[in-house]
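For reference, the structure is listed below as structure tokens.
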Amino acid sequence: MAVELDVFVGNTTIMDEEVYQLWLDGYTVNDAVRARMEGGVLDEFDATADVLLSDTMDQYRTFQMCERLLHSPAKLANQLLFQIPPHRQTMLIERYYAFDDVFVREVLGKKLSKGTKKDLDDISAKTGVTLKSCRRQFDNFKRIFKVVEELKGPLVENIRQHFLLSDKLARDYAAIVFFANNRFETGKKKLQYITFQDFAFCAGQLINNWTVGAVGEGLCKTKNNMVEDMDVDLDKEFLQELKELKVLITDKDLLDQHKSLVCTALRGKTKAFNEMEANFKNLSRGLVNIATKLTNTKDVRDFFIDLVEKFIEPCRSDRWTAADVKLYLTHYTNSAHILDTFKHQVVWDRYMGVIKSCIFKMYHD
Amino acid sequence: MPGKLKAKIVAGRHLPVMDRASDLTDAFVEVKFGNTTFKTDVCPKSLNPQWNSEWFKFEVDDEDLQDEPLQITVLDHDTYSANDAIGKVYIDIDPLLCTEAASIISGWFPIYDTIHGIRGEINVLVKVELFNDLNRFRQSSCGVKFFCTTSIPYSYRAVMVHGFVEELVVNEDPEYQWIDRIRTPRASNEARQRLISLMSGELQRKIGLKVLEMGGNAVVGYLQCFDLEGESGLVVRAIGTACTLEKFSSGSASITCPHPSTAPPSNACNSPKDGKELVFGEELPLSSGPPTPFRALPSSSSSPPPFSPSKPCSRQSSSSDTDLSLTPKTGMGSGGSAGKEAGPLKTLLRQQTQTTLEQRGASSSGLLLNAREFPFFTLTSFPPGFLVHVGGVVSARSVKLLDRIHNPALGNARSYKLLDWNSVTADEPETRDAWWEEIRQEIKSHAKALGCHAVVGYSENTSICEEVCILSASGTAAILNPRYMREGCLDVGSIDHRFDDPSPPNCGFCHIPYDELNMPFPAQLAYCYQCRRQKVPDVLFTTIDLPAEAAVTGKGCLIQARLCRLKKKAQGEVNATAISNLLPFMEYELHTQLMNKLKLRSMNALFGLHIQISVGENMLLGLASATGVYLTALPAPGGIQIAGKTPGDLNNEQHVAAIQKRINDAIAKNKELYQINPPELTDEGVGSPIPEPRQRSRIFRSHSESSDELSELDLSHGKKDAFVLEIDDTDAVEDIHSLLTDAPPPAGFHSCSTETMPGIYNWTSGIQMFTSVRVLRLNNTNLTNQGLNKIFTDLCENLLKSFYFKLRSTVPCCLCHLNFTVAVPEEELVQVSVTAVAMTFDKDQNQEKPPEKATTKGGSETEDQLQFPLELSADSSSTSPQPSKISGVAENTIVSTRAVSVDYGSFADRCSTWLELLRLKAHTIRRGSVKTSRRTQSLAHSVSSLEHCSPLPEGRSRSLCSSRSFGVGSVTMVKMTPLSFLPGTRIIKYLGIINMFFIRETTSLREEGGVSGFLHSFIAEVFAMVRAHVAALGGNAVVSYSMKDCVLMENPNKNQAQCLINVSGDAVICVRETDQEQTTNTGQTCGTIDGAT
């Protein structure tokens, strides 16, 4: 005696959020049944394991049938096969596109290619995220990357509209796309302590301040090159202009003047003053060098590692607190304005604004 | 040229990729109606083509409009090879032919392919212009409204109920034609879908014609079924109740329909002619009956004479429908004396009744027969006062051999049939008609034996396995109120006392219709516990919904009897004989189980009883489902007494005592669970239980042969007659165990097979309709009956448990209209399909609806208003701790099995005439006017609510309504329910009947997730297509939805499966009732609220 067939179809599609999550997490039906039993569904509701199995299978089938639609969420709203109330649709989409930070951290900045996909089993083993779930997340990245690649207009907005995601999730995906597109190096050992959310924040800063689109909104609306990928690529003109900042370290007077201004401002305000004073030139050189090298794609990729090596690590070895870093960078940025021979205030602000907030975000254990 | 059909193809979306090279599709559309085809341009390289075609116009007969569907085929253009079909849409034009239904069909339809399922959607507009006045047509029956709903539809009033209509259409099944060997599965499936669509159109048209002939304008309780008889063909048949309906708002009807207060109350025994003329006017011929020559009568046993050509049925003249004067050769009727006045039809009527019945009947009145022979009503709920008394369930079954009867000439060459089918089977519809005629006659005679003149809640079904077919019919014998009927139709004389002294409305239907001195079966009668004046049986079984006015104690519950019987594999007549020999035992055992389970729950009545017996190659399956309740008017059921076979054996007695204790505990627990606390009455208070002529209890056991020897045991203990179960062998022990294994639904859940649950009020608007199918494979070939029973019972119980679990988030809720269908698709496979709706209700059950609500809503709107004035039962309570009343076994079901067969000979035939024509009237003029005003208000309301739920045709109005309707979605939400209403809403318009048939086939079963995956997506697709059609008609809900057939054939080894599904329902527009709640509550407030709006 065996159950040959067992289906349950509701006019309004019944979906259990808990089972959905298990499915998304890549549990097999049997694992899901086990997990649900441990979760205590059976205790609160008098049912047998058979019932649970049957229910889980039904739900899994439903999700599998829905998956095709979830790949283009706009379809979910006007397809006829499943009658799903709008708020449930939103939930389905949001959860489907949700990802594990540990997983995304592994693929962040990598090329979303077949090669990477082949490495997913390693990533799965490393992160503890099931391979199935890894694949779904990876495919989501790829799908969104592909779609927005061909679209004009603001990145976050495009993602939100095409995939009907929440603002938060859309921003995260924007970060992933941005990282994948610019191939930022995130995998180095020194960068391991930085979480995805840190990177996502940084990406947001970069997108909002250093890309063509960022300028497009405020400054360069008249430019006829409403470039594709305007949010995805860094503003080349800006990167060129960054070279001008070199004067801050090449001009000895300027460097000294800058240092004395900063030290005056900092004196007595922090315990780490001595270290700050001693390291000023090194640190300043580090930051300005990063700026001047950004025209090289290779150096763009190393942006975060450079930040860590050239600034964060020295500070950390001198045991600066986060407040110290903040204080230092604030005065470092502001003092440059007082330098009379320094003419590149706008570029400096645009550069340091991002650097400052990135470093703040990244400066932790 | 009576009609012009216009269709416009607007756009497509989500089309599949047909060209791998470009990942795109060059789609175009063929629009076909009858033999005319139009094409759109090709829309190159797009998955979301915009055709925006011209209006394609078809000039066609209205007859074709009724029969034919509009066929839309989406294709992929291919320059070098044949165009590939993407899929099809069949659109039933019928709703457009009714002025009151939809006026345009407009919306997105799923493009359906029988191999690939849904492949994108297409936006279509369809309109019909009818040139002539609809009512002048006679070939067509445009304008007749069809309702699946088995009650008078909401917002309608039944001016007149004309009675039973039936029709069947037969054709060859394309799947079994020779050409099927050379065409693709897709072509074959499509031929089949189209044919069935044509046949149901034709069937509906023919039924419509009959209705028009009777002077009606609508069919209510329309029930259409398919019999897939395999090689012997395909039968589409339908039954329904013809009515003249009237919208509440129309003022004209009050003229045609005399008001009850002014109408002459049922003059007894008017001449038939007068009655007829009143009904039909002058144009109606008497011969409008079904073209069913009367053939033969079955014996009164429902193990029917199997099929043999030498039986009397072969002796029929194969004549026309009017040849009714032939004398039946069955030897049952003695029609001579009865026929003196009424002519052939009367003879026909008389002949199936028992001799003695006839004498009384003949003496009591002149017979009146109108065109209709069968006083059957497919309705299951009625306007208040319509139903006077209910006798009990009547059912009949018959086993037939399929091909032998209709084409013996073909013999073994069947599969290569090249013969002209029509010449071979020219008389086939008549053959089938005759079969059903037999069954119906039997039902009628059963009803008569119960002293009833009508059968309500009537339904018919079949079960087919290879060449054997079981035909079944069942209903509830009843007496209907003569006041609602045409004068002269009713033999008032014989039942006058009941009407002179009208019973209290809420217990009257329980009173026995039959003569207490000549009871049709051994039953224990008692005086009604409510009115104390009339007799009531101790148990009542019915197929109808619980009347709204009935008083119920506590809550009801689902009661199921399940049974498996093995049979030997056999062929032909041997097989049919074996089956018909088994049937009576199955009926008997199912009945026993029902009775036991009813007692165990301390209840005394069953409603919505549906017994299904399915035949397979090596087994028979029986499943009976009903809603058990405690009717306040009926006596309290006694307990169940366990008796040991061998008294004196100590071990045994201990065992018996243990079981007895378990049973008593179960009963006590159930009483608490279902809140059954009937007021206990002293004998003195009630009068007295009727002295029982034969003071004995029947003993129900699994082995009926042994029951005789025990029947003389005096098992009554004092006054409390217990229901005795004998333990003498393992079977009986098994029975008792199975009795106790039925788990009650978990907390927060209720379940019932009827529309609503007795004892539950305050439905909220949450509903979830679902269909579930489960198939078990029995690997063990050496199964016993007991083993099978266990498996089958577990299957049903587990299904229920699954439902409860899945729907746990909706508690408190009730699974209503649980409709189980069993089938044996193959040897060793058992299939159970269930469709039901989970409805949520307010936890606070204290606020009952005011009792007057039922009456204020008027005739057509009563069944969702469950108000059971419990205080009535409280009235009669006297707190004496007297043990419960006498009870015993009353078989209110006449299952005409041998085991329970009864001598009907001595029964009075009180109701010798049938009342085909019933007049239902509004109760008062005041109410009528209230309704009118409410109607206008609801229209106004509908406008605003349309904006909320956007049931507008999507195509054009999307820009207007889609943006705000659902935020993300632009698809109209369509609710579906097997019930006739949606809680919390008001149906403002019926848009037409939905009757769809789909076939799905796959040759990549594994890839689609096995049979489960295959069927899961198919059912989802069927739902989607139903919803799309409803939305395109402008509707937002389907009521009275049912899945008639779900035939699954699989061959996992070949990676193939095929499934056929037939669904039906009524498309409606409903609006939320929230702001009208007060309006419906009481008649008094209606006016003011209407005024305020």
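Quick notes on this one:
- Hey, A:Val7 touching a residue at least 40 places away in the same chain (Cβ under 8 Å), under 27 Å from B:Leu815 (Cα atoms) and open to solvent by 20 Å² or more (accessible area, probe 1.4 Å) or not: no
- Scanning region A:53-75 for residues that are within 8 Å of another protein chain (Cβ to nearest Cβ) and at pLDDT below 90 turns up just one, A:Lys75.
- Matching residues in region B:11-48 - criterion: being buried (at least 19 other Cβ atoms within 10 Å of the Cβ) and within 43 Å of the chain's Cα centre (by Cα): B:Gly12, B:His14, B:Leu15, B:Ala27, B:Phe28, B:Val29, B:Val31, B:Lys32, B:Phe33, B:Thr40
- Residue check for B:Arg808: farther than 30 Å from B:Glu1073 by Cβ and of a type in the set (Lys, Arg): no
- Candidates B:Ser188, B:Ser151: the one that is touching a residue at least 12 places away in the same chain (Cβ under 8 Å), open to solvent by less than 10 Å² (accessible area, probe 1.4 Å) and within 28 Å of B:Leu982 (Cβ to Cβ) is B:Ser151.
- Filtered residue count, region A:350-365, keeping only those that are part of a loop (DSSP other than H, G, I, E, B) and charged (D, E, K, R): 1
- Unmet requirement for B:Gln1056, which otherwise passes all of (1) at pLDDT 90 or above; (2) within 22 Å of the chain's Cα centre (by Cα); (3) open to solvent by 10 Å² or more (accessible area, probe 1.4 Å): (2)
- Residue that is nearest to the other protein chains (Cβ to nearest Cβ) [pool: residues in region A:97-109 that are modelled with pLDDT under 95 and surrounded by 20 or more Cβ atoms within 10 Å (Cβ to Cβ)]: A:Phe99
- Strands (runs of 3 or more DSSP E) lying entirely in region B:737-840 (those with 2 or more residues that are buried (at least 22 other Cβ atoms within 10 Å of the Cβ) and of a type in the set (A, V, I, L, M, F, W, C)): B:763-777, B:813-823
- Qualifying residue in region A:76-89 (condition: surrounded by fewer than 19 Cβ atoms within 10 Å (Cβ to Cβ), more than 9 Å from every other protein chain (Cβ to nearest Cβ) and in contact with a Phe, Trp or Tyr (Cβ under 9 Å, 6 or more places away or on another chain)): no
Okay, residues lined up against (1) within 21 Å of A:Ala203 (Cβ to Cβ); (2) modelled with pLDDT under 85:
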position: A:Val215; (1), (2): yes, yes
position: A:Asp229; (1), (2): yes, yes
position: A:Leu239; (1), (2): yes, no
position: A:Lys246; (1), (2): no, no
position: A:Leu255; (1), (2): no, no
position: A:Lys269; (1), (2): no, yes
position: A:Ala278; (1), (2): no, no
position: A:Leu283; (1), (2): no, no
position: A:Leu294; (1), (2): yes, no
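- Taken together, A:Thr330, A:Thr321 contain a single residue that is under 17 Å from A:Ser260 (Cα atoms) and either surrounded by fewer than 16 Cβ atoms within 10 Å (Cβ to Cβ) or without any contact (Cβ under 8 Å) to a residue 40 or more places away in the chain (or both), which is A:Thr330.
- Qualifying residue in region A:51-58 (condition: of a type in the set (Asp, Glu) and either in contact with a helix residue (DSSP H, G or I) (Cβ under 7 Å, 6 or more places away or on another chain) or open to solvent by less than 50 Å² (accessible area, probe 1.4 Å) (or both)): yes
- Within this structure, B:Glu466 fails the test of being at pLDDT 85 or above and closer than 21 Å to B:Leu583 by Cα.
- The one condition in (1) open to solvent by less than 50 Å² (accessible area, probe 1.4 Å); (2) under 25 Å from A:Cys66 (Cα atoms) that A:His162 fails to fulfil: (1)
- When each of B:Thr784, B:Thr764, B:Thr754 is tested for being more than 10 Å from chain A (Cβ to nearest Cβ) and farther than 30 Å from B:Asp842 by Cβ, the lone residue that passes is B:Thr784.
- Flag if B:Ser802 is of a type in the set (S, T, N, Q), touching a Phe, Trp or Tyr at 6+ places or on another chain (Cβ under 9 Å) and within 13 Å of chain A (Cβ to nearest Cβ): yes
The values are calculated or read from the model by the stated rules, or taken from the named source; none is laboratory data. The model shown is predicted, which means the values in this text are computed figures rather than measured ones. Cβ coordinates were reconstructed from backbone atoms using ideal geometry, including for glycine residues, and neighbour counts include every protein chain displayed. Side chains included, ligands, DNA and RNA excluded: accessible areas come from the protein's heavy atoms. Shrake-Rupley method; radii C 1.70, N 1.55, O 1.52, S 1.80 Å.
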